[in-house]
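Undergrad: Pasting a structure here, questions to come.
The values are calculated or read from the model by the stated rules, or taken from the named source; none is laboratory data. In this text, all values refer to a predicted model and were calculated from it rather than measured experimentally. Counting neighbours? That spans all protein chains shown, and the Cβs are built from the backbone with ideal geometry, glycine included.
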Amino acid sequence: MGFQHWVPQEDTNTEIRVAVLLSLVLQTALIFLGPMRKRSSSPRFVIWSCYLLADWVADLALGLLLNTLGNIGGSSSLGINHADSGGKSNGNINSSSGSPMIFVFWTPFLLLHLGGPDTITAYSVEDNELWLRHLIGLFFELFSAAVIFICSLRGNPMIGATVLMFVAGIIKYGERTYSLYSGSIKSFRANILDPKNRDPHYLRLKSALEIQNSIGIIIEVYDGDQPGGASKKQKDAVRSDIEELQSSGVNKHLEALAYDFFVIFRRLFVDLTLNTKQRKMSQTLFLEYKDMDVGMAFQIIELELDLIYDMVYTKAPVAYTLVGWVLRSICSGCIVAATVIFFFHDKRGIKRVDVRITYALLMGGLALDVAALIMLLFSNRASAFFHKSRWFKWLDRLTMKLLRRKGRRWAQSVSQFNLLNYASGKPYNYNRCFLLLKVAKTLHVLEDFIYIRREPLRKYIWRDHGAETDILILAFNSVRSAAGDLGDDELDKTVEVFNCRGSRALRSHEDAIKTCLSASSEEQEDVDKIFEMIMDSVVKVTDFDESLLLWHIATDLCLTQQKHHRHPPSRDANWKQNFAKTLSEYMMYLLIKQPEMLSTRTGTWLMRYQDTCAEASHFTKYGGDMRGKLLAVNTSRPPARPGGDDESSKSVLFDACVLANALEQVGRKDDELMWDVVVGVWVEMLIYAARECPGSTHVRELNRGGELITLIWFLIEDMGFGKR
């Protein structure tokens, strides 16, 4: 097979060189930028751009090579200058015109780059669902590269090195395609529901049903020795496992423990449930293990989420298998062999720039493999493997020292969105660029940069007599307190406790609240009425988004009242204010920007939010402080809605003002009590929202630095109180 008559293409040659080098640069950037996604949401645009450009540039370079197919090797398809009439070759693989033959050797490097780095295979969960498209793409890219290679066989003195790089490129691209397939929801669920690992309770039930259908006798199947409870043998087995964990010093090997729980809890991320034994095992450890504190609990949870992230967004499904190690060794060996061949090859006929680019590609490929190997060895999953292995204990000790210094495993910050700031057109960092703000608000562009900010989760820490309190500790104590009110397998009571949405916090302070209210009201009937109104905001309000909007605005108004109209708060009240503000604005952010995490009803919450914003914006028409005007609203009777149509408006602004006024009556008597109640309500709302959110939604947020609500959800599941 020969080439067509060549045409001068020096410009195209330059484009190919630039494209190949740019492809290498993007691969290098991605291998280091990829892991940053699980620790921060800041570099999202940069990573997204590199992720898209990497494939596009590699495809472009391959297309340019195909386009110059007739010019590779110059006017002769051989591309070899004959030194004498004997026809002996001098090894020249470059020509004075046309495209150099060295371009053929670069072709498999593009397959290598299309395989991508180990640290990022999918930018989002949706990319995994497109694994079949990537598989088809693999065939097309391989076909294109094969055409270039086959057409150059007659004049290519580097066939051996090119074949080696083809092997490496195919392995890399195949790894990526398989990782995408493994990370898809369907495949992930199928691996967990392997028939070989069927739940024994399922098998007993299936057998009983078959007998029942065949002989017509109703057979009852109990999970254990008694109906409704786990068997004594099962409980003893769980106890034995926990005692073994305790005696082995679990606090020194959290990675190994986290991996064991990851194997159990990964099913939750595809909306499957735990069986009784799995739930009991986790529940016993998190609730009864004597050394289990909030720090250890969230360390285990962070490690579990880190392992889930790797399985969904990286090449972990391949990299941590025996087949993966074999393929990785073959791939690296091929690159090393190709490097040696090129090093000893006669390069007198190759342009110096092409020699340098070739070395850059070879050395870059080796460097990326070495970097991937180092990251693999010092990963949490590798540490768990080393800990369990007899032969790699020394590696376990080495990696543990470095893993302890890796720092945070997720963003450890929460996004904040304030509804009243948005309605008034004044962001957190308010400035005089009214036109820019108006355009951004109207066109919904740059809103995330103007009206949303990230707040460090541990910015506000209350220290009292050496003990620390932050939002994670509050949530941990709240879940553990709720667990204390429950017995074994009390499913109905579990639903009641974790669906309270703030009512438990209000009931626990009922007497104190009524005492404070009685100081400003002479009639006991009025006191009961006000308390019931506060209670109704979390009990009788059926839509969670409505309750959330009510308490968000009320919390904001209480903070304003505290700031401008009352004495400075006590130290206890001050940190509770900060916690209330952080949780309130975080939950509002989830409602507005990630409503799927709150399981809100489509459309209803949006109309309620828009109507509330529209009504609040009317208080800014004639200048002045909007919050001051809202605090001065006469709450004794509902106002007329703008436009005169009371029924069509879903605004909760007036009801929020009524709630804020009631809370203020408590605050005037006992400021600390009011903030105790507000913080308690917000913590319970966070727990309720976390428990209601499906696992498949949580996994979608792991590539954005993670969310606080995901940690709380996993805590609830680890304690055995998730939805069943």
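Undergrad: Please go through the range 518-572 and give me each residue that is in a loop (DSSP other than H, G, I, E, B) and either crowded, with 19+ Cβ neighbours inside 10 Å or over 32 Å from the mean Cα position of the chain (by Cα) (or both), ordered by number.
TA: ALA519, SER520, SER521, GLU522, GLU523, LYS540, ARG566, HIS567, PRO568, PRO569, SER570
Undergrad: For GLN577, state whether it is more than 23 Å from SER415 (Cα to Cα) and surrounded by 19 or more Cβ atoms within 10 Å (Cβ to Cβ).
TA: no
Undergrad: With the requirement that a residue be in contact (Cβ under 8 Å) with a residue 60 or more places away in the chain and of a type in the set (S, T, N, Q), what does the range 258-290 give you?
TA: Correct list: THR273, ASN275, THR276, SER282, GLN283.
Undergrad: Here's something else I'd like to know. For a quick check of your reading of the model, give me the residue pairs whose first member lies in the range 582-594 and is closer than 12 Å to GLU701 by Cβ and surrounded by fewer than 23 Cβ atoms within 10 Å (Cβ to Cβ), whose second is of a type in the set (Asp, Glu) and modelled with pLDDT under 95, with beta-carbon atoms closer than 8 Å and at least 6 apart or on different chains.
TA: Once the first residue is closer than 12 Å to GLU701 by Cβ and surrounded by fewer than 23 Cβ atoms within 10 Å (Cβ to Cβ) and sits in the range 582-594, its partners that are of a type in the set (Asp, Glu) and modelled with pLDDT under 95 give LYS593/ASP448; GLN594/GLU701; GLN594/GLU707.
Undergrad: May I pose another question? Considering only the range 302-337, how many residues are free of Cβ contacts under 8 Å to residues at least 12 places away in the same chain, assigned to a helix (DSSP H, G or I) and not aliphatic (A, V, I, L, M)?
TA: The qualifying residues number 3.
Undergrad: Moving to a separate point now. What tally of residues in the range 8-49 results from selecting those that are under 17 Å from GLY705 (Cβ atoms) and touching a Leu at 6+ places or on another chain (Cβ under 7 Å)?
TA: Number of matching residues: 4.
Undergrad: Just checking, how many residues over the range 157-187 are closer than 24 Å to ILE335 by Cβ and touching a Ser or Thr at 6+ places or on another chain (Cβ under 7 Å)?
TA: Residues of the range 157-187 closer than 24 Å to ILE335 by Cβ: 157-180.
Filter once more, keeping what is touching a Ser or Thr at 6+ places or on another chain (Cβ under 7 Å): 176, 179-180.
Selection size over the range 157-187: 3.
Undergrad: While we're on this one: Just checking, does the range 697-717 include any residue being part of a loop (DSSP other than H, G, I, E, B) and closer than 19 Å to CYS500 by Cα?
TA: Taking every residue of the range 697-717 in turn, none turns out to be part of a loop (DSSP other than H, G, I, E, B) and closer than 19 Å to CYS500 by Cα.
Undergrad: Take the residues of the range 35-65 that are touching a Phe, Trp or Tyr at 6+ places or on another chain (Cβ under 8 Å) and of a type outside the set (A, V, I, L, M, F, W, C): which is nearest to PHE139 (Cα to Cα)?
TA: TYR51
Undergrad: In this structure, does ARG641 turn out to be at pLDDT 85 or above, surrounded by 11 or more Cβ atoms within 10 Å (Cβ to Cβ) and assigned by TED's automatic domain parsing to the domain that holds ASP543?
TA: no
Undergrad: Out of the residues in the range 344-385 that are part of a loop (DSSP other than H, G, I, E, B) and either of a type in the set (Gly, Ala, Ser) or in contact with an Asp or Glu (Cβ under 6 Å, 6 or more places away or on another chain) (or both), state the one that is nearest to TRP325 (Cα to Cα). Spell out the reasoning first.
TA: Filtering the range 344-385 down to residues part of a loop (DSSP other than H, G, I, E, B) leaves 345-351, 378-379.
Retained after the next criterion (residues that are either of a type in the set (Gly, Ala, Ser) or in contact with an Asp or Glu (Cβ under 6 Å, 6 or more places away or on another chain) (or both)): 349, 379.
On the way: GLY349: 38, SER379: 15 Å.
Restricting to residues being part of a loop (DSSP other than H, G, I, E, B) and either of a type in the set (Gly, Ala, Ser) or in contact with an Asp or Glu (Cβ under 6 Å, 6 or more places away or on another chain) (or both), the top hit is SER379.
Undergrad: Here is a further query. When you scan the range 652-685, how many residues do you find that are crowded, with 21+ Cβ neighbours inside 10 Å, at pLDDT below 90 and not in a helix (DSSP H, G or I)?
TA: The number of residues fulfilling the criteria is 0.
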